[in-house]
Amino acid sequence: AQSVTQLGSHVSVSEGALVLLRCNYSSSVPPYLFWYVQYPNQGLQLLLKYTTGATLVKGINGFEAEFKKSETSFHLTKPSAHMSDAAEYFCAVSTSGTYKYIFGTGTRLKVLA
Amino acid sequence: NAGVTQTPKFQVLKTGQSMTLQCAQDMNHEYMSWYRQDPGMGLRLIHYSVGAGITDQGEVPNGYNVSRSTTEDFPLRLLSAAPSQTSVYFCASTPYSGTISGANVLTFGAGSRLTVL
């Protein structure tokens, strides 16, 4: 069975600082990994995903994530935070042969002026 | 296209009442699912369906029923609401091409906030 762990339920960064949101997964077969973002009072929308191939994945709004199999990690980064990045971020995992997407508990990002 | 539409957006129930949360999508997605979102627990899968007439349980199915009579609609029924079902509910859908692929991206509705007193 797959699982996802997001370290840090709340992260605060200053505007212009590096954003790093951590995600570790557990899967006995090659995983598909996703980052979704949820703005207040809205549904989730996809930031980026990793399926196969290049391990550095670029997404929308300047975000990127790197799949590291040896560390079972898929951390989300952005070089320079913007006020509009304030939201809740969810890491999710799935695998071939299943439609059960497993979500982490989420990390709420606060951007300080 | 409207995408995934959920109704109602807000609902307050008394313990023991029943209700149905509606979910409709206009993207011809075969796969549809219901999640509940609770603070500190992320999103947990309640039920899902890979096509009309086919449903299956997720992580937290107790207290909820679903059916899938059309491709477009996937209602979630609470037969006897309990305070533990106070939550925000999300419907999500994705294409299903006849082969199961977890690489497909979920499209979410805007959510339905349910309070059970």
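The values are calculated or read from the model by the stated rules, or taken from the named source; none is laboratory data. All values reported here derive from a predicted model rather than from experimental measurement. Here the Cβ is made from the backbone with ideal geometry for all residues, glycine too, and neighbour counts use every protein chain on show. Ligands, DNA and RNA are excluded from the accessible area calculation, which covers all protein heavy atoms including side chains. Shrake-Rupley method; radii C 1.70, N 1.55, O 1.52, S 1.80 Å.
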_Counted residues, the range B:73-87 - those being buried (at least 20 other Cβ atoms within 10 Å of the Cβ) and either under 14 Å from B:GLN6 (Cβ atoms) or among the hydroxyl-bearing types (Ser, Thr, Tyr) (or both)_ = 3
_Restricting to the range A:46-76, name every residue that is in contact (Cβ under 8 Å) with a residue 12 or more places away in the chain, closer than 23 Å to B:PHE108 by Cα and not aliphatic (A, V, I, L, M)._
A:LYS49, A:TYR50, A:THR51, A:GLY59, A:ASN61, A:GLY62, A:PHE63, A:GLU64, A:PHE74, A:HIS75
*What about B:GLU72, is it more than 9 Å from chain A (Cβ to nearest Cβ) and more than 12 Å from the chain's Cα centre (by Cα)?*
yes
*asked:* Please go through the range A:87-113 and give me each residue that is among the hydrophobic types (A, V, I, L, M, F, W, C) and under 14 Å from the mean Cα position of the chain (by Cα), ordered by number.
replied: A:ALA87, A:PHE90, A:CYS91, A:ALA92, A:VAL93, A:ILE102, A:PHE103, A:LEU109
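Considering each residue of the range B:27-36, count those that are surrounded by fewer than 16 Cβ atoms within 10 Å (Cβ to Cβ) and touching a strand residue (DSSP E or B) at 6+ places or on another chain (Cβ under 8 Å), and give that number.
Start the filter on the range B:27-36 by keeping residues that are surrounded by fewer than 16 Cβ atoms within 10 Å (Cβ to Cβ), which leaves B:27-28.
If we keep only those that are touching a strand residue (DSSP E or B) at 6+ places or on another chain (Cβ under 8 Å) as well, we get B:27.
Residues flagged as surrounded by fewer than 16 Cβ atoms within 10 Å (Cβ to Cβ) and touching a strand residue (DSSP E or B) at 6+ places or on another chain (Cβ under 8 Å) within the range B:27-36 amount to 1.
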*With respect to the numbered conditions (1) under 20 Å from B:LEU45 (Cα atoms); (2) modelled with pLDDT under 90; (3) touching a strand residue (DSSP E or B) at 6+ places or on another chain (Cβ under 8 Å), which one is the sole condition not fulfilled by A:THR98?*
(3)
*Consider only pairs whose beta carbons are under 7 Å apart and that are at least six residues apart or on different chains; among these, list those whose first residue lies in the range A:16-44 and is under 14 Å from A:GLN6 (Cβ atoms) and within 11 Å of another protein chain (Cβ to nearest Cβ) and whose second residue is of a type in the set (D, E, K, R) and in a strand (DSSP E or B).*
A:LEU33/A:LYS49; A:PHE34/A:LYS49; A:GLN38/A:GLU88
*strands (runs of 3 or more DSSP E) contained entirely in the range A:48-113, each with at least 1 residues that are open to solvent by less than 10 Å² (accessible area, probe 1.4 Å)*: A:64-68, A:73-78, A:87-95, A:107-112
*For the range B:47-72, what are the residues that are open to solvent by less than 60 Å² (accessible area, probe 1.4 Å), of a type outside the set (Ser, Thr, Tyr) and either under 17 Å from B:THR7 (Cα atoms) or in contact (Cβ under 8 Å) with a residue 40 or more places away in the chain (or both)?*
B:VAL50, B:GLY51, B:VAL66, B:ARG68
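Quick test for you: out of B:PRO39, B:PRO8, pick the one residue that is over 29 Å from A:GLN6 (Cβ atoms) and open to solvent by 10 Å² or more (accessible area, probe 1.4 Å).
Exactly one residue qualifies, and that residue is B:PRO8.
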